[in-house]
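Have a look at the structure below before the remarks.
The numbers here are math on the coordinates, done by the rules we state, and not lab data. All values reported here derive from a predicted model rather than from experimental measurement. For neighbour counting, all protein chains shown are included, and Cβ atoms are generated from backbone atoms with ideal geometry for every residue, glycine included.
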Amino acid sequence: MKPLVKWSAVGLVVLALVAAAVLAGQRGTPVQVVPVTRSGIVQSVVATGRLNAPARMDIGAEVTATVVEVRVREGNLVKKGDLLVRLSDAEARAAMQQARAALTEARGRATQQATVAAPVASQAVVQAQAAFTSAEREYQRARDLVAQGFFSQQKLDDAQRALDTARSALESARVQAQANQTSGVERVLAVSRVAQAEAAVEITQARLERLAITSPVDALVLTRNVEPGSMAQPGRVLLTLAAQGGLRIDAGVDEKNLRTLSLGMPARAVADAYPGQSFEAQLSYIAPAVDPQRGTVEVRLAVPKPPVFLRPDMTVSVELLGGTKKNAMVLPSGAVRDADREAPWVLVLQGNLAVRVPVKLGLRGVGAVEIVAGLKEGDEAIPQTEKAAPGDRVRRGPTAAANKGMEVPTFISR
């Protein structure tokens, strides 16, 4: 009888285990769930970018010359017109003196033409006119006397030659006087020589100024690539300046967030070097095209009041602030499937079944999504981390860790 009793006990244990397995199968696989709750949410886009000056300038020389002096170093603030680099200018200064001397000579000649040559030419016309009148009278007298037989033909010929000479002298004096008038050729030439000399002075002055390199704007010196004694050449960068008057942030935003961006959108930024000191920014530019290599859209943000600690090329994190809702139905983003597609859906626990429910989404925060339609407050969603599919028999397991004490974040990450 004892073996029978022993086998009966074993059978009972087996039956109990089978019954427990059947009961567990009827109840379903345990899964974690997160409920739909009401909370405030702010939609935003987070990106990483760099600070840039409104303009960055590479300063170089326009001529080949030896560097005599460099007056600035990295980090110096300079004003518009401040001398940055001085190049050797001995030859240019000598050329300037020569050009100024030529200008002085040209102006003197112009004055001489106006005050001496022109009056002398006018008096020469008067004298030539008197000589012509006298020669003309002498010719008339000689002609009358030759006709009366008092003089020979030779006398008349001599008078004719004298008259022709006087006429020619008168014409020459008149032409010379006309040339020395205000609109005459001599006056025009004198003025032209002065203008040429003035242009030569301006050219030499410009060459001389190119040897004194100054700052075009108020700026910060970023790099210094030159020392006294080195040779400056066209095309070689001597200094790099960052224009003052405001900073901007250049960043790349994932193209999936393009629909949430709008010009004028407020933002908060934090420099990686100063994580505890945020500052305000504003979206001022959205690139018209997407970068096909990175799948990002270039954006720029103005920084109206940059803190004093900011420097060009600093790495910054930017949070672009979008829509806000105080009493929204939200779910952790991990519970929403195909969120970036046309038909997002949620796997919901209904009784002992996992049911696929289509939803309409609203604002998106970091780790949280607004549910506009499809679910109601209190519905329990199965996160994507759980091994469950639509139609599976499931049962509520431990509460998902993501839902314990959940606070809805206020931004979404890239």
Computed from the beta carbon distance with a Förster radius of 35 Å, FRET efficiency for ARG38 and ASP313 to the nearest 0.05 stands at 0.20
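Please report the projected area of the range 109-196's Cα convex hull averaged over all directions, in nm². Display every interim value, and only then the final one.
On the way: hull surface 24.4 nm².
Reported value for the Cα convex hull: 6.1 nm².
Got a sec? How would LEU222, LEU320 order by Cβ neighbour count within 10 Å, fewest to most? Could you put the intermediate results ahead of the total?
On the way: LEU222 18, LEU320 26.
Exposure proxy ranking, most exposed first: LEU222, LEU320.
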Around VAL72: net Lys/Arg minus Asp/Glu count, Cβ-Cβ under 9 Å = +1
Peptides 88-98, 129-139: what's the order by average Cβ count within 10 Å, highest mean first?
-> 129-139, 88-98
Aspartates and glutamates within cross-link reach of LYS376: Cα-Cα under 20 Å, excluding same-chain residues under 8 positions apart?
-> ASP338, GLU407
With contacts defined as alpha carbon pairs under 8 Å and 6 or more residues apart, what's the relative contact order of the chain in percent?
-> 31
Stretched fully, the stretch from ALA147 through VAL120 gains (0.36 nm per residue minus C-alpha distance, one decimal, in nm) 5.7 nm
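Convex hull over the alpha-carbon atoms of the range 136-259: what's its volume per residue in Å³?
Working: hull volume 40.8 nm³, N = 124.
Dividing the Cα hull volume of the range 136-259 by its residue count gives 329 Å³.
Taking a quarter of the surface of the Cα convex hull of the range 237-384, what do you get in nm²?
Numbers: hull surface 50.4 nm².
Value for the range 237-384: 12.6 nm².
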For the range 217-319, restrict the atom set to alpha-carbon positions and state the Rg and Dmax in Å.
-> 17.3, 56
Helix by helix through the chain, keep the DSSP H runs that span 27 Å or more along the axis on Cα and average at least 1.0 on Kyte-Doolittle, and give those back in order.
-> 2-27
